[in-house]
Amino acid sequence: MSDIFPPKDFVHLYQDRDFLRALFPNDLYTIVGDDGAIGRAYTFGPLQIEYYTTDREPNILPFRGMRIIFWNSITHTIPPYGWNVLPFKNILASYAYIDISDSNYWQRWSETFRRQRRLWDTQKEYEIHMLDEATYTSLYQQYGISSYCIYMTTKVLRKALALDTSNVRMYGLARKSDGVIVTGVATINSMTSEQSYYLSSFTRKDIAPSASGLWLLSSWMEEIRQCGLRYANLGVMWSEGMSTSWKGFSAFKAKFKPSILTFPKQFYKITFSLRKK
């Protein structure tokens, strides 16, 4: 497990076609570009807007009309010829990753998380179940935090299930005594990018033990490591400009001591053509 992040062989999650389709489930776009540098294109008559997230420079195909192209580069700080740097900051620019390729990955966690992880082996009150879509979404809609996030991530979950059910995992922490689910986590696996993405979760705070979230995430990481995946992707970290409601969960993620992926620069270019070659 290297301390250099991202490594040269890193593949961003947005280079997985099924994941891209799931994360943006409205079908208002087409997927364009070559493998390893795919993106989304939204066409509005003579105007096309494209978005790419990759370290490879996108291969821009001809288009009749005006086109605005945005490229989130993973490591480049100087734009290649023909590209410009966006003058404003992308606030959704920090993502937390845990490299689980080494079996001792959890030794990097905070002392609190390491202690809670060890508690799982001795506690006798709870067990982990796989949940179906109906059970998970019903509980998530009751106990999730943000109504907007609940609406959006439920759409993503359903789209991911429609594309490939084998990539979606919904974990539930249940009381052994009565089967009540107290915490749940939904994730999406991507073999293309060797990672699994944390999508959403819920907790019944009135009855869930304090370690419930950690227990489910720890179980998720162990399972995906056994499947041959390399990274647990914990999603966006709070940064300046985002809602303060993100701070609490970002502080929770920070206790995993994750590697942080940031996009140093966002590039763009504007093209115009009267004919399609």
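The values are calculated or read from the model by the stated rules, or taken from the named source; none is laboratory data. From a predicted model like this one, the values you see are computed outputs, not experimental measurements. Quick reminder, even Gly has a Cβ in these numbers, built from the backbone with ideal geometry, and neighbours come from all protein chains shown.
Looking across region 48-69, the residues that are assigned to a strand (DSSP E or B) and either crowded, with 18+ Cβ neighbours inside 10 Å or touching a Gly at 6+ places or on another chain (Cβ under 6 Å) (or both) come down to Q48, E50, Y51, Y52, T53, R67, I69. Looking at region 109-126, can you tell me whether even one residue there is loosely packed, with under 14 Cβ neighbours inside 10 Å and in a strand (DSSP E or B)? Scanning region 109-126 turns up no residue that is loosely packed, with under 14 Cβ neighbours inside 10 Å and in a strand (DSSP E or B). Does G184 satisfy being buried (at least 23 other Cβ atoms within 10 Å of the Cβ), out of contact with any Pro (no Cβ under 7 Å at 6 or more places or on another chain) and at pLDDT 95 or above? In short, yes. Pairs linking a residue in region 124-153 that is more than 26 Å from N26 (Cβ to Cβ) to a residue that is modelled with pLDDT of 95 or more and assigned to a helix (DSSP H, G or I), with Cβ atoms under 6 Å and 6 or more positions apart or on different chains, are I128/S219.
The residues on offer are L157, L173, and the sole one that is in contact (Cβ under 8 Å) with a residue 40 or more places away in the chain, buried (at least 16 other Cβ atoms within 10 Å of the Cβ) and either out of contact with any Ser or Thr (no Cβ under 6 Å at 6 or more places or on another chain) or farther than 25 Å from E127 by Cα (or both) is L157.
If you filter region 247-277 down to residues that are among the aromatic types (F, W, Y) and touching a strand residue (DSSP E or B) at 6+ places or on another chain (Cβ under 7 Å), you find that the one that is nearest to Y14 (Cα to Cα) is F263. Looking across region 188-247 at every residue that is more than 19 Å from P6 (Cα to Cα) and among the basic types (K, R), the one that is modelled with the highest pLDDT is identified as R204.
Against the test of being under 14 Å from Y95 (Cα atoms) and either touching a Gly at 6+ places or on another chain (Cβ under 9 Å) or not in a strand (DSSP E or B) (or both), the options K269, K257 yield a single qualifying residue, K257. Looking across region 195-225, the residues that are small (G, A, S) and over 19 Å from the mean Cα position of the chain (by Cα) come down to A208, S210, A211, S212. Out of the residues in region 176-217 that are touching a residue at least 60 places away in the same chain (Cβ under 8 Å) and of a type in the set (F, W, Y), which is farthest from G235 (Cα to Cα)? Ranking the qualifying residues of region 176-217, first place goes to W215. In summary, K269 fulfils each of the numbered conditions (1) of a type outside the set (V, I, T); (2) in the same structural domain as T154 (by TED's automatic domain parsing); (3) more than 18 Å from the chain's Cα centre (by Cα) with the single exception of condition (2).
From the residues in region 77-105 that are over 30 Å from E240 (Cβ atoms) and not acidic (D, E), which one is nearest to the chain's Cα centre (by Cα)? Of everything passing the filter in region 77-105, S101 is nearest to the chain's Cα centre (by Cα).
Of all residues in region 218-249, those satisfying the criterion of being over 30 Å from P58 (Cβ atoms) and either polar (S, T, N, Q) or touching a Pro at 6+ places or on another chain (Cβ under 7 Å) (or both) are S218, S219, Q226, S243, T244, S245.
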